[in-house]
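A.B. asks: First, the structure itself, so that you have it in front of you.
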Number of protein chains: 2
Amino acid sequence: MGTFHYPNGKKAASAVQTQRSASPSSKKDVSYGNRGMSLEEDINQSNQFYLLTERAVIHKKPTPVQIVNVEYPKRSAAVIREAYFKLASTTDYNGVYKGRYIDFEAKETKNKTSFPLKNFHEHQITHMQQIVDHGGISFVILRFSSSDESFLFDSSHLIRYWKEQDIGRKSIPKGEIAEKGHSITIGYQPRLDYLQVIDSVYSFPAH
Amino acid sequence: MGTFHYPNGKKAASAVQTQRSASPSSKKDVSYGNRGMSLEEDINQSNQFYLLTERAVIHKKPTPVQIVNVEYPKRSAAVIREAYFKLASTTDYNGVYKGRYIDFEAKETKNKTSFPLKNFHEHQITHMQQIVDHGGISFVILRFSSSDESFLFDSSHLIRYWKEQDIGRKSIPKGEIAEKGHSITIGYQPRLDYLQVIDSVYSFPAH
């Protein structure tokens, strides 16, 4: 039978890391949102840092999976034997910061001059508009991986480009992102200090 | 090969329903949080209603799954061939309502006189305390399935009982839940109108 891994939080998390780094080749055809692993890692590390230093409570949502078949072996945990990746109907990250609801998606591109809108899908854009309508803070973190530049870009801008793509561009020029968005400093702890940017862009209730 | 289900949001959601209702017997040994399906269905329906009527944006997080092995067949979507259910490190539901961050867990019991604390785990209690500390609204929805009564119970009370269980009770008496909590009306649309209770219990920023 080999070793059995009981699915507790700790072990599972480290197993994910192992799996990811052990089989990079199997990831190359994946197109449902697992690209941009290094941006994801930067954000997860930053969120962990924010949690430990009591600055914010922001988590990545689990990957949505459609479970089709589950085995229930005796004396051990249930094993999912057939499942498929689902398209997310919301964004990947959300939580609370200084009493406000925070919601965002993170994507990176290898393009050098613009960010392709195909990195998002209709459901996510609709979700972002809903968050804005209900008084939440909604944005995307966009990374140009070739130059390692990351920007916080408010959803209102993204939504406008999304709506205009039928008659306009299929991507957002980098110059527009740099102008309307906000550069995020890359550091050590946290690796991507996006809360610092949030502080300068959004308003918060007085304490 | 049989029929192939492409994992888009719509189809996947209905497939979950089918799978769940088609194999109730396979669920009986499940102990990682999929109990209380009918409470979950009530809440999902209510959240859907709130979303459509533009009252709030609250979603259930996907079930956390530890993926161990994935097949990448040519010309069709990736198939997860080995995966395990993970313990959630947060709560199941969160979102935004009237500008405030909302976060909760929902559980039901067959017990008639008290609610067992074993329905929760340490990570979730820690998460609830963090949400409170950062100005979010944090509560649990507790259902006594035999009498079909549901209560909104603020996390501060749950956390207190949780901390006292080493020297005290392993469950919360129903009388305490009825006294410190708030009964949630069961209806048709929405089935469980917990926002009505939230309005009467928590304060919101003026518009």
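Residues checked against (1) among the small types (Gly, Ala, Ser); (2) in contact (Cβ under 8 Å) with a residue 12 or more places away in the chain:
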{"position": "A:Lys74", "(1), (2)": "no, no"}
{"position": "A:Thr91", "(1), (2)": "no, yes"}
{"position": "A:Arg100", "(1), (2)": "no, yes"}
{"position": "A:Phe104", "(1), (2)": "no, yes"}
{"position": "A:Ser114", "(1), (2)": "yes, yes"}
{"position": "A:Phe120", "(1), (2)": "no, yes"}
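A.B. asks: For the stretch B:57-65, indicate whether the set of residues that are modelled with pLDDT under 95, more than 19 Å from the chain's Cα centre (by Cα) and within 27 Å of A:Ser138 (Cβ to Cβ) is non-empty.
C.D. replies: Within the stretch B:57-65, none of the residues are modelled with pLDDT under 95, more than 19 Å from the chain's Cα centre (by Cα) and within 27 Å of A:Ser138 (Cβ to Cβ).
A.B. asks: May I pose another question? Checking the structure you have, find out if any residue of the stretch A:177-199 is surrounded by fewer than 18 Cβ atoms within 10 Å (Cβ to Cβ), assigned to a loop (DSSP other than H, G, I, E, B), within 14 Å of another protein chain (Cβ to nearest Cβ) and free of Cβ contacts under 8 Å to residues at least 60 places away in the same chain.
C.D. replies: Looking for residues that are surrounded by fewer than 18 Cβ atoms within 10 Å (Cβ to Cβ), assigned to a loop (DSSP other than H, G, I, E, B), within 14 Å of another protein chain (Cβ to nearest Cβ) and free of Cβ contacts under 8 Å to residues at least 60 places away in the same chain, one finds none in the stretch A:177-199, hence no.
A.B. asks: Sticking with this one: Give the residue, chosen from B:Tyr101, B:Tyr93, that is more than 21 Å from A:Glu82 (Cβ to Cβ), within 16 Å of the chain's Cα centre (by Cα), aromatic (Phe, Trp, Tyr) and more than 7 Å from chain A (Cβ to nearest Cβ).
C.D. replies: Just a single option satisfies the conditions, and that option is B:Tyr93.
A.B. asks: So is A:Tyr194 within 17 Å of A:Ile125 (Cβ to Cβ) and either touching a Leu at 6+ places or on another chain (Cβ under 8 Å) or of a type outside the set (Asp, Glu) (or both) or not?
C.D. replies: no
A.B. asks: Do you know which residues across the stretch A:105-132 are of a type outside the set (D, E, K, R), in contact with a helix residue (DSSP H, G or I) (Cβ under 8 Å, 6 or more places away or on another chain) and under 28 Å from B:Ile102 (Cα atoms)?
C.D. replies: A:Ala106, A:Phe120, A:His123, A:Ile125, A:Met128, A:Gln129, A:Gln130, A:Ile131, A:Val132
A.B. asks: Follow-up question, since we're still on this one. If you take the residues in the stretch A:45-70 that are in contact with a Ser or Thr (Cβ under 9 Å, 6 or more places away or on another chain) and not β-branched (Val, Ile, Thr), which one is farthest from A:Gly187 (Cα to Cα)?
C.D. replies: Here the answer is A:Pro64.
The values are calculated or read from the model by the stated rules, or taken from the named source; none is laboratory data. As the structure is a prediction and not an experimental result, all values here were calculated from the model. Heads up, the Cβs are rebuilt from the backbone with ideal geometry, glycines too, and the neighbour counts pull from every protein chain shown.
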